[in-house]
Amino acid sequence: MSDAHATHIQRLRESLEGVILGKSEVIELLMVGVLAGGHVLLEDVPGVGKTTLAKALSTALGLDFSRVQFTPDLLPGDIVGSQVLNPTDGSFRFLAGPVFTEVLLADEINRASPRTQSALLEAMSEGQVTIEGQTYPLKQPFFVLATQNPVDFQGTYPLPEAQLDRFLIRLSLGYPSHAQELDMLFAHQRSHPLDGMEAVMDRAQLLALQEAVRSIHVTREVGDYLIRLVEGTRRHDKVDLGISPRGSLACFRTAQARALVHGRDYVSPDDLQALAVPTMAHRLILAPESRYGGKTPADIIDEVLADTAVPG
Ligand SMILES: Nc1ncnc2c1ncn2[C@@H]1O[C@H](COP(=O)(O)OP(=O)(O)OP(=O)(O)O)[C@@H](O)[C@H]1O
Ligand SMILES: [Mg+2]
């Protein structure tokens, strides 16, 4: 790996860790998601630093940032944009929605109607939006960090699994430890840590890192291990719907990104193991009896990992 890549990755990690304390694992997974060119779902309770993390990421990468608070009355046009009439000459002009940014925080995505959710998810997976027959490409890079509250509140529309499949990674931040929360108090005493942040790379350097991810070597044996893990989820008797081929691709690309983040030019089985829960758990649909029997998708992934032979 080139020294420049290693330096950029290290600086990005340090700058995010300086704002969100005690969350290095989550920060690493977020970096993996960004470098792999995918979108990340953060499932968490209020006040644990989701918005702060998204802002920190866009500042560190020197990218434009916008935030959309999802509500039940939000319409697809409020996200992707719409054609507006100019009353003076009767012509139409495209008014771009907030999706035309580089880092988009889609806050509480499960509060919007399924139609609005799917407008965003379509834009995410296609990298473009089509309005009244006209296609508009989104920016490059384009990264969505969507948040969802894990507690089922009244009036929410949980994302269906088919939509969850479009997120590369699902994460949760969780509370900091006692010591880290104490440090947080004093880090915030005079000003917010975000205020002093600066970009650690530019757009071209980020695109170069994303390109480097694709060149990370994967042996046929490691690819075979990935597919055996995926098949293990499809065969599992407590699973109604296992990992899709889209999910296999997500595991492949995120494993390459994790290798790069760890300074390797090849994927090792460790990468797949470390990423199995964050890349796979949200894609599984469990059989009803296991859902009520207290098993979580993460438990199933752990079982599949334990039952699948690791290449030597
Ligand atoms: N682990 C942490 N390290 C440092 N600061 C933290 C941490 N967790 C939360 N904070 C701080 O707590 C405050 C609230 O965080 P933030 O607004 O990002 O939460 P949120 O998860 O977006 O909440 P909501 O769901 O209500 O939007 C911020 O000032 C943030 O810096
Ligand atoms: Mg927030």
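Read-outs: derived from the displayed coordinates by stated rules, not from any lab. Because the structure is predicted, anything quoted here is derived from the model rather than measured. Counting neighbours? That spans all protein chains shown, and the Cβs are built from the backbone with ideal geometry, glycine included.
Which value results for Rg/Rh of the chain when Rg is the Cα radius of gyration and Rh the Kirkwood radius based on the inverse mean 1/r? Here the Rg-to-Rh quotient is 0.98.
Spin-label model, residue 215/residue 289: points 7 Å from Cα along the beta carbon direction are separated by 5.2 nm. Give me the distance between the Cα centres of region 170-186 and region 35-97, rounded to whole Å. Taking the Cα centre of region 35-97 as reference, the centre of region 170-186 is 27 Å away. Looking at the chain, the DSSP beta bridges with both ends there are about 40 percent antiparallel. Net charge of the neighbourhood of residue 98, taken over other residues with C-beta under 14 Å away and scored Lys/Arg +1, Asp/Glu -1, is -2. Ordering 59, 101, 138 by Cα displacement along the dipole of region 22-146 toward the positive end leaves 59 in first place; charges were set at the Cβ atoms of Lys, Arg (+1) and Asp, Glu (-1).
A viscosity of 1.567 mPa s and a temperature of 4 °C, combined with the Kirkwood radius over C-alpha pairs in the Stokes-Einstein formula, give region 148-211 a diffusion coefficient of 79 µm²/s.
Counting other Cβ atoms within 10 Å, which GluC sites (Glu not before Pro) in region 172-218 have at most 15 and lie in a DSSP loop? Listed in order of number, the matching sites are 198. Per residue, the Cα convex hull of region 34-160 amounts to 122 Å³.
Remark: the residue 92-residue 298 segment gains 69.2 nm on full extension, using 0.36 nm per residue and subtracting the alpha carbon distance. Subtracting the Cα-Cα distance of residue 3 and residue 24 from 0.36 nm times their residue separation leaves 5.4 nm of extension gain.
Each principal axis of region 130-255 carries a Cα extent, and these read 54, 45, 40 Å when sorted largest first. For region 216-312, the calculated P(r) over all alpha carbon pairs, in 10 Å bins from 0 to the bin holding the longest distance, is 17, 50, 26, 7, 0 percent. Rounded if a/c is under 1.5, else prolate if a/b is larger than b/c, else oblate: which is region 46-87, with a ≥ b ≥ c the root eigenvalues of its Cα gyration tensor? Judged from the Cα gyration tensor, region 46-87 comes out oblate (a/c at least 1.5, b/c at or above a/b).
For the chain, the dipole from Cβ point charges (+1 on Lys and Arg, -1 on Asp and Glu) about the Cα centre works out to 280 debye, to the nearest 20. Each label was represented as a point 7 Å from its Cα along the Cα-to-Cβ direction; for residue 134 and residue 180 these points are 4.6 nm apart. Length gained on full extension, residue 122 to residue 305: 62.7 nm, using 0.36 nm per residue less the C-alpha separation. Over region 1-98, the reciprocal of the mean inverse Cα-Cα separation, the Kirkwood hydrodynamic radius, stands at 16.3 Å.
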